[in-house]
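Okay, so here's the structure we're looking at.
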Amino acid sequence: MRTGVDVRTALGVVGALLAWSAVAFAVPAVVALAAGEPPWPFLVTGLAVALTGLALKRLTGGRRPLGVREGFLVVVAVWLLVPAFGALPFLLGRVPQLDHPVDAWFEAVSGFTATGATVLTDVDALGTGMLFWRQFTHWLGGAGIIVLALAVLPRLRIGGRELLRSELPGPVGMESLGATVRGTARRLWKVYLAVTAAGVVVLAALGWAGLDRRMGLFDAFSYATSAVALGGFAPRADSARGLAPVTQWVLCGLMAVAGVNLLRLYRLVVLRRVRAASRDEELRLYLGLLVVSSAVMTAELSAAGTVAGFDGVRHAAFQAVSVMTTTGFATLDWSDWGTLATLTLLALMFVGACAGSASGSVKVVRHLVLFRFTRHELEQAVHPDAVLPVRVSGRTVDTPVLRSVLLFALLYLLALALGSLGLALDAGADTTAAGAFTALGAAAACLGNVGPAFGELGPFGSYAPLGGASKAILTALMLLGRIEIVPLAVLLRRGYWRA
């Protein structure tokens, strides 16, 4: 019987994942070469990643299947190492605004975690290769680097299922992941690729048809990959503000579709299981919240005189969908909106999209479970002898799932409180970031992987004015939000490392 954590096996798997991820650096190298820019920052980084991965595999040589403990270690290690290597092209290429290690690390973590927060003040100054790499990190991180590796690494057998659960945030254990992890990963990537390709084609067609003259093929790829990954990086400094109304509607729909559980989307589109989708309470609540929040935002913008009519509906729906799905695109500067609209957006940062999507934040299903659990406890207080199970979509939520949801909610609030406090206390931060509400908004935006916050940190602003300590805190929050806190919290316990 195996006891303790098998570090050698875990590091061997990390090495295998790094070796496979090295291939991704060839893509921006080709783009840079085609644009007449030096490709060597990407080639050198890819070589370094490959050598590091192969060295880890050779030195550790772990051959045992992964267990639960090793799965936690692999998830944390990969999400620390991959963004670190992802920052190297910015540093090697001496990219203006990203030539400091803290700034390059911040931007890379924001990209791979599909957050969309940026320290850039002039996006248009980036070269084509670096701009492509910045966008590409969103797409790579959106569905999870580990899910991609699961599709091609058959050695991840037993523990692979644990890794897949870590990369499909939320209590997805309530629904079968499929016969094999490898098969499930392939299904996920078929959906991810199909939605991305559809987004690129539709957006590019708008440009070719003359409906949006700003939408060339590169812009179509950039906006589509960001929308599908629910990231928010844009190839232009004005996010989605300068796009044609029809393009904004397409992006709005793309974000909404990308926020659906990828497995549910596969079953709905490919297997035609419409009835099962209609019984999915998470999906129904997700769509209902999108509609209600869009209507509320429309009323708020109209009442405040910010924008009215059909344009008001468009802007309100776009911002509601963008923030709730944790994408972070913007068509208007919500920092200028009234108090009620601002608080509505802040509340949406804590919602998130469906579990099993690339969304960050708490996730709709967790809110559903928490609501059902609260109602259960209130009813149990009135009828202490009654047997009242907590059900979601007709299925009983097991006690371990309830505990995991409650644990996540508590850790999420704790991380938010500590992050906000750290930002407010950072003596090196800009005075606007030291304010209580700005600190809370920035912490919520980064922990929830939303990206833009409020004030100077809003959708058309930048995190560049913050001090190094504040950027480090926000970077940590982005990583915590992506790995969903629990894996790192488990690693920090002494009992994890004991036999």
_In segment 8-22, the residues that are surrounded by fewer than 22 Cβ atoms within 10 Å (Cβ to Cβ) and either among the charged types (D, E, K, R) or under 17 Å from Phe136 (Cα atoms) (or both)_ = Arg8, Trp20, Ala22
*For residues that are free of Cβ contacts under 8 Å to residues at least 24 places away in the same chain and of a type in the set (S, T, N, Q), tally how many sit in segment 239-286.*
1
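Matching residues to (1) acidic (Asp, Glu); (2) surrounded by 23 or more Cβ atoms within 10 Å (Cβ to Cβ); (3) in contact with a Cys (Cβ under 9 Å, 6 or more places away or on another chain):
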{"site": "Asp6", "(1), (2), (3)": "yes, no, no"}
{"site": "Val49", "(1), (2), (3)": "no, yes, no"}
{"site": "Ala55", "(1), (2), (3)": "no, no, no"}
{"site": "Arg58", "(1), (2), (3)": "no, no, no"}
{"site": "Val68", "(1), (2), (3)": "no, no, no"}
{"site": "Leu88", "(1), (2), (3)": "no, no, no"}
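Output the residue which, of all residues in segment 320-343 that are part of a loop (DSSP other than H, G, I, E, B) and of a type in the set (A, V, I, L, M), is nearest to the chain's Cα centre (by Cα).
Of all residues in segment 320-343, those part of a loop (DSSP other than H, G, I, E, B) come to 325-333, 337-338.
Still in the list and also of a type in the set (A, V, I, L, M): 330, 332.
Numbers: Ala330: 17, Leu332: 22 Å.
It comes out as Ala330.
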_Answer from Leu346, Leu368, Leu378 - the residue that is over 24 Å from the mean Cα position of the chain (by Cα) and outside any loop (DSSP other than H, G, I, E, B)_ = Leu378
*Could you grab the pairs with beta carbons closer than 8 Å, sequence gap of 6+ or different chains, first residue in segment 421-438 and crowded, with 16+ Cβ neighbours inside 10 Å, second one of a type outside the set (D, E, K, R) and modelled with pLDDT under 50?*
Leu423/Ala429; Leu423/Ala433; Leu423/Ala434; Ala424/Ala434; Asp426/Ala433; Asp426/Ala434; Thr438/Thr432
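What tally of residues in segment 265-319 results from selecting those that are outside any helix (DSSP H, G or I) and closer than 23 Å to Met349 by Cα?
Restricting attention to segment 265-319, the residues satisfying the condition of being outside any helix (DSSP H, G or I) are 270-273, 279-280, 305-308.
Then keep just the ones that are closer than 23 Å to Met349 by Cα; that gives 280, 306-307.
Number satisfying all stated conditions: 3.
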*Members of segment 14-64 that are in a helix (DSSP H, G or I) and of a type outside the set (A, V, I, L, M, F, W, C)*: Gly15, Ser21, Pro28, Pro41, Thr45, Gly46, Thr52, Gly53, Lys57, Arg58, Thr60
*Give, as residue ranges, the helices (runs of 4 or more DSSP H) completely inside segment 388-499 that count at least 2 residues that are farther than 17 Å from Val369 by Cβ and modelled with pLDDT of 85 or more.*
399-425, 436-447, 468-483, 486-491
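Residues are listed down the side, and each one gets a yes or a no for (1) touching a Ser or Thr at 6+ places or on another chain (Cβ under 8 Å); (2) of a type in the set (A, V, I, L, M):
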| site | (1), (2) |
| --- | --- |
| Trp334 | yes, no |
| Leu346 | no, yes |
| Cys354 | no, no |
| Ala358 | no, yes |
*Tabulated pairs, segment 75-90, first touching a residue at least 24 places away in the same chain (Cβ under 8 Å), second basic (Lys, Arg) and buried (at least 20 other Cβ atoms within 10 Å of the Cβ), C-beta under 8 angstrom, 6+ apart or interchain*: Trp79/Arg482
_Given (1) surrounded by 17 or more Cβ atoms within 10 Å (Cβ to Cβ); (2) farther than 26 Å from Thr113 by Cα; (3) at pLDDT 95 or above; (4) not basic (Lys, Arg), index of the condition Thr298 fails_ = (3)
*Might you let me know whether segment 39-52 holds any residue that is touching a Pro at 6+ places or on another chain (Cβ under 9 Å), over 21 Å from Asp122 (Cα atoms) and polar (S, T, N, Q)?*
yes
*Arg403 touching a helix residue (DSSP H, G or I) at 6+ places or on another chain (Cβ under 8 Å), among the basic types (Lys, Arg) and within 21 Å of Pro487 (Cβ to Cβ)*: no
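Could you please let me know if Arg161 is part of a loop (DSSP other than H, G, I, E, B), under 21 Å from Gly12 (Cα atoms) and modelled with pLDDT under 95?
Numbers: part of a loop (DSSP other than H, G, I, E, B): no; under 21 Å from Gly12 (Cα atoms): yes; modelled with pLDDT under 95: yes.
So Arg161 does not fit the description; no.
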*Report the residue count in segment 199-233 for those that are in contact (Cβ under 8 Å) with a residue 24 or more places away in the chain and of a type in the set (A, V, I, L, M, F, W, C).*
14
*asked:* It is to be established whether one or more residues within segment 23-37 are within 30 Å of Tyr496 (Cβ to Cβ), out of contact with any Asp or Glu (no Cβ under 9 Å at 6 or more places or on another chain) and crowded, with 22+ Cβ neighbours inside 10 Å.
replied: no
*Which condition does Val260 not pass, out of (1) at pLDDT 90 or above; (2) over 18 Å from the mean Cα position of the chain (by Cα); (3) of a type in the set (A, V, I, L, M, F, W, C), if it passes all the others?*
(2)
_Filter result (surrounded by 24 or more Cβ atoms within 10 Å (Cβ to Cβ) and modelled with pLDDT of 95 or more) within segment 90-103_ = Phe90
*Would you check if Asp238 is within 17 Å of Thr331 (Cα to Cα), acidic (Asp, Glu) and not in a helix (DSSP H, G or I)?*
yes
_Near pairs, Cβ below 8 angstrom, 6+ apart or cross-chain, from segment 459-478 (surrounded by fewer than 23 Cβ atoms within 10 Å (Cβ to Cβ)) to any residue that is of a type in the set (Lys, Arg)_ = Phe460/Arg241
*Odd one out for Arg314 among (1) more than 27 Å from Thr438 (Cβ to Cβ); (2) without any contact (Cβ under 8 Å) to a residue 60 or more places away in the chain*: (2)
*Which condition number does Val390 fail, the rest of (1) surrounded by 15 or more Cβ atoms within 10 Å (Cβ to Cβ); (2) in contact (Cβ under 8 Å) with a residue 24 or more places away in the chain; (3) within 30 Å of Ser278 (Cα to Cα) being met?*
(2)
*Specify the residue that is surrounded by the fewest Cβ atoms within 10 Å (Cβ to Cβ); the eligible residues are those in segment 445-458 that are of a type outside the set (Gly, Ala, Ser) and within 16 Å of Ala424 (Cβ to Cβ).*
Glu456
*Of the conditions (1) among the aliphatic types (A, V, I, L, M); (2) closer than 27 Å to Val365 by Cα; (3) part of a helix (DSSP H, G or I), Val260 fails just one. Which one is it?*
(3)
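The values are calculated or read from the model by the stated rules, or taken from the named source; none is laboratory data. Note that the structure is a prediction, hence the values are computed from the model and not measured. All Cβ positions, even for glycine, are placed from backbone atoms using ideal geometry, and neighbour counts span all protein chains on display.
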